[in-house]
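Below is one structure, written out as structure tokens, with a few remarks after it.
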Amino acid sequence: MRAADRTGAAVLLALAVAYTATAAGRYTYWTVTGPGSGFFPFWLGLVLAALSILLLASAVRRPDPGPAWLPTGHGAARFVVVVVVTALFIALLPLLGMALGTAVFLGVLLRMLEGHSWRTTAAVAVGAAVANWAVFVLWLRVPFPVGMLGF
Amino acid sequence: MDLFTNLALGFSVAFTPFNLLMAFIGVILGTLIGALPGIGPVSGVALLLPITFGMHPTSGIIMLAALYAGSMYGGTITSVLINTPGESASVVTCIDGYQMALQGRAGPALGMAAIGSFIAGTVGVVFLMGMSPLLARWALSFGPPETFALMLLGLTTVTGLTGDNAVKGYISMVLGLMMSMVGFDIISGDQRYTGGITEMLDGFDFLPVAIGLFGMGEVLAGAESAGRAQILSARYGLRDVLPTAADWMRARWAIVRGSVLGFVIGVLPGAGPTIASFLAYTVEKKLSARPEEFGHGAIEGVAAPESANNAASAGAMVPMLTLGIPGSATTAVMLGGLMMWGIRPGPLLFEKNPDFVWGLIASLYIANVMLVILNIAFIPAFVRALRIPYSILMPLIIVFCITGAYSLNNKVWDVGQMLVFGVVGYAMKKLDYSPAALTLALVLGPLAERSLRQALIISDAGVLILFQRPIAAVLTTLALVAVAVPAARAVRGAMTARNAAAVS
């Protein structure tokens, strides 16, 4: 946690400087009538800079490294799998369409990650995809992405 | 007189079949969301917001408010039977609730919690009804300086009270404000911080951010561990659930105190049901003639916090509706919803949309009646829902996050944004930052900036205008106190830590 706070504070400080610099350089701080578009962002960046210096100072001075915050081993693997599979699903949405995509996505997670039986997997995946489609497309009229197969 | 006409209008809105149905769906989903660990009222409201877009705003807010109330009831079930809070406002209920369950008194614990919740929820709505119009009338006189001071107060108190680390809380808040600057500035016409990306011209959409930070973030935190909780079994016949006369005698004042305390805490901007439940428990323990029984299955230890969190969820609606400042993380998300429906919360709401406000208030009465019946007669049904393994629930919640984020603008871009903020929310939670403060700042940011700019235009003394008018001066001072108190505590903490380090 201490290392994460140091890195976090440094990143935030850089962001704050860039934010204020952009406000000062590209937007108007003050117009004839009053504060311009750069006024509020300029100060926000400065406040964030002050806060991240505070955080950095406290993290540097803290004697103990504190508990680890990132999961390790099995937990980390599960986290990565869920994020990657979800990202793939989103990227493939235009190709697969929402209905088929949902079923495949659920199938992959339930069977490969959680190790459910094929029967449970199929029932939940198909059931949820149909229910999802019924609520959003039939009832709420949201135009879901349609895949290559036409649904 | 006026009150009764308004209330009659409210009930005529609430008793339409569609709105009754929405309240019913809200209480059932709310109880489930409250009961299931890993998903709480904030994510529940964020996930259901997209469904409400096709509806009339009144029906939408009725469903969301019923869900919020329901989650306060449902959280108890998990606390008592699994010793894991279903949502954060029921953390403290675990202490005595689980002990009661171990002693075979799970039934009375759940029954007393439901009855206490009903009384407190109803008292909360009565106070909400009495107080809101007065507060709204008072707030009508607010000009830009008062509005900005109010925003400042809302932001600083929320930030000061959420999370353990004040500095990280304020960092989260400032990040939220910085995000709210992105996009088209209406006053100057400048495009700010868009990075040349067309999709960013409208700024960060509130919904994908909220669904990501709360819904997806919670799922990712839960995804790390696979596992299943042990559920204590108990009997839930009506006779097993209704508390005995002795229980009732012990708990009645706890319920009354919990209701009043909970409502007051709920109204304060920033302090929501979670803090109310902790305070109510502490107060009860201090006042009790038998403090040694707390922690070993004292029924007051269940009744007080469960009453307080319900009263607080009603109280949190007061500043949201009358001032446009949410009193809790959940109402912060609701406020975002209100703005998306095109309803501007604040003092004018009571004049411009009486059917909305009074329909909501009447529905809350109805929702509480539905909830007390559900939570006394149908406990076994909710216990069965708890047996759904998280390994099935988790992928389903992700699907819901994705469809919810998509249905806002029908753009895959929003879904990607949702996932990014899911990872951000996960990291924020792990590192003690405050997603609630960020969300609130994102919602309030544009109004805060506009009111500050307007205040500075009419001011002849710069920022000092915030101290020149009496109401603005009081609000600004309170906001500064809200910053100063945790700051002083942090400095003192750092000094003791350094002294301790020097000694060792």
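Structure data summary
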quantity	calculated
Counted residues, the stretch B:434-468 - those being under 19 Å from B:Val483 (Cβ atoms) and not in a helix (DSSP H, G or I)	1
Output for the stretch A:108-151, where each listed residue is more than 12 Å from every other protein chain (Cβ to nearest Cβ) and either within 24 Å of B:Ala223 (Cβ to Cβ) or touching a Ser or Thr at 6+ places or on another chain (Cβ under 6 Å) (or both)	A:Trp118, A:Arg119, A:Ala122, A:Val126
Single unsatisfied condition, A:Val32 versus (1) crowded, with 17+ Cβ neighbours inside 10 Å; (2) more than 10 Å from chain B (Cβ to nearest Cβ); (3) out of contact with any helix residue (DSSP H, G or I) (no Cβ under 7 Å at 6 or more places or on another chain)	(1)
Criterion (out of contact with any strand residue (DSSP E or B) (no Cβ under 8 Å at 6 or more places or on another chain), surrounded by fewer than 24 Cβ atoms within 10 Å (Cβ to Cβ), of a type in the set (Val, Ile, Thr) and under 18 Å from B:Met370 (Cβ atoms)) met by exactly one of B:Ile25, B:Ile33	B:Ile25
Residues within the stretch A:58-84 that are within 14 Å of B:Val219 (Cα to Cα), more than 8 Å from chain B (Cβ to nearest Cβ) and surrounded by 14 or more Cβ atoms within 10 Å (Cβ to Cβ), tallied	1
Answer residue from the stretch B:142-176, given it is more than 14 Å from every other protein chain (Cβ to nearest Cβ) and at pLDDT 85 or above and is farthest from the chain's Cα centre (by Cα) among those	B:Gly143
A:Leu95 being aliphatic (A, V, I, L, M), assigned to a helix (DSSP H, G or I), more than 8 Å from chain B (Cβ to nearest Cβ) and loosely packed, with under 13 Cβ neighbours inside 10 Å	yes
First in the stretch A:121-132 and within 9 Å of A:Leu110 (Cα to Cα), second anywhere and among the aliphatic types (A, V, I, L, M) and part of a helix (DSSP H, G or I), Cβ under 7 Å, 6 or more apart	A:Thr121/A:Leu110; A:Val124/A:Leu106; A:Val124/A:Leu110; A:Val124/B:Ile392; A:Ala125/A:Ala103; A:Ala125/A:Leu106; A:Ala125/A:Leu110
Matching residues in the stretch A:100-151 - criterion: being among the small types (Gly, Ala, Ser) and crowded, with 20+ Cβ neighbours inside 10 Å	A:Gly101, A:Ala103, A:Ala125, A:Ala128, A:Ala129
Boolean, B:Val443 is under 29 Å from the mean Cα position of the chain (by Cα) and at pLDDT 90 or above	no
Of residues in the stretch A:11-29 being closer than 27 Å to B:Ile458 by Cα, in contact with a helix residue (DSSP H, G or I) (Cβ under 7 Å, 6 or more places away or on another chain) and surrounded by fewer than 20 Cβ atoms within 10 Å (Cβ to Cβ), the one nearest to the other protein chains (Cβ to nearest Cβ)	A:Tyr29
Listing of helices (runs of 4 or more DSSP H) fully contained in the stretch B:100-181 that carry 1 or more residues being within 18 Å of B:Val260 (Cβ to Cβ)	B:106-139
Considering residues of the stretch B:182-197 that are of a type in the set (Gly, Ala, Ser) and in a loop (DSSP other than H, G, I, E, B) only, the residue nearest to B:Arg453 (Cα to Cα)	B:Ser188
Residue check, A:Ala4 out of contact with any Gly (no Cβ under 6 Å at 6 or more places or on another chain), within 21 Å of B:Ile171 (Cβ to Cβ), more than 7 Å from every other protein chain (Cβ to nearest Cβ) and among the small types (Gly, Ala, Ser)	no
Helices (runs of 4 or more DSSP H) wholly inside the stretch B:344-410 that include at least 3 residues being within 14 Å of chain A (Cβ to nearest Cβ)	B:390-409
All positions within the stretch B:315-344 that are under 21 Å from B:Ile265 (Cα atoms), at pLDDT below 85 and either among the basic types (Lys, Arg) or touching a Ser or Thr at 6+ places or on another chain (Cβ under 8 Å) (or both)	B:Ser328, B:Ala329
Yes/no for A:Leu54 being within 30 Å of A:Met1 (Cα to Cα) and part of a helix (DSSP H, G or I)	yes
Among the residues listed as A:Leu48, A:Leu55, the single one being buried (at least 18 other Cβ atoms within 10 Å of the Cβ) and under 30 Å from B:Ser188 (Cα atoms)	A:Leu48
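Residue by residue, here is whether (1) part of a helix (DSSP H, G or I); (2) more than 7 Å from chain B (Cβ to nearest Cβ); (3) touching a Gly at 6+ places or on another chain (Cβ under 6 Å); (4) more than 18 Å from B:Met181 (Cβ to Cβ) holds:
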site: A:Ala9; (1), (2), (3), (4): yes, yes, no, yes
site: A:Ser37; (1), (2), (3), (4): no, no, no, no
site: A:Phe42; (1), (2), (3), (4): yes, yes, no, no
site: A:Leu46; (1), (2), (3), (4): yes, yes, no, no
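The values are calculated or read from the model by the stated rules, or taken from the named source; none is laboratory data. In this text, all values refer to a predicted model and were calculated from it rather than measured experimentally. Every residue, glycine among them, receives a Cβ derived from its backbone with ideal geometry; neighbour counts consider all protein chains shown.
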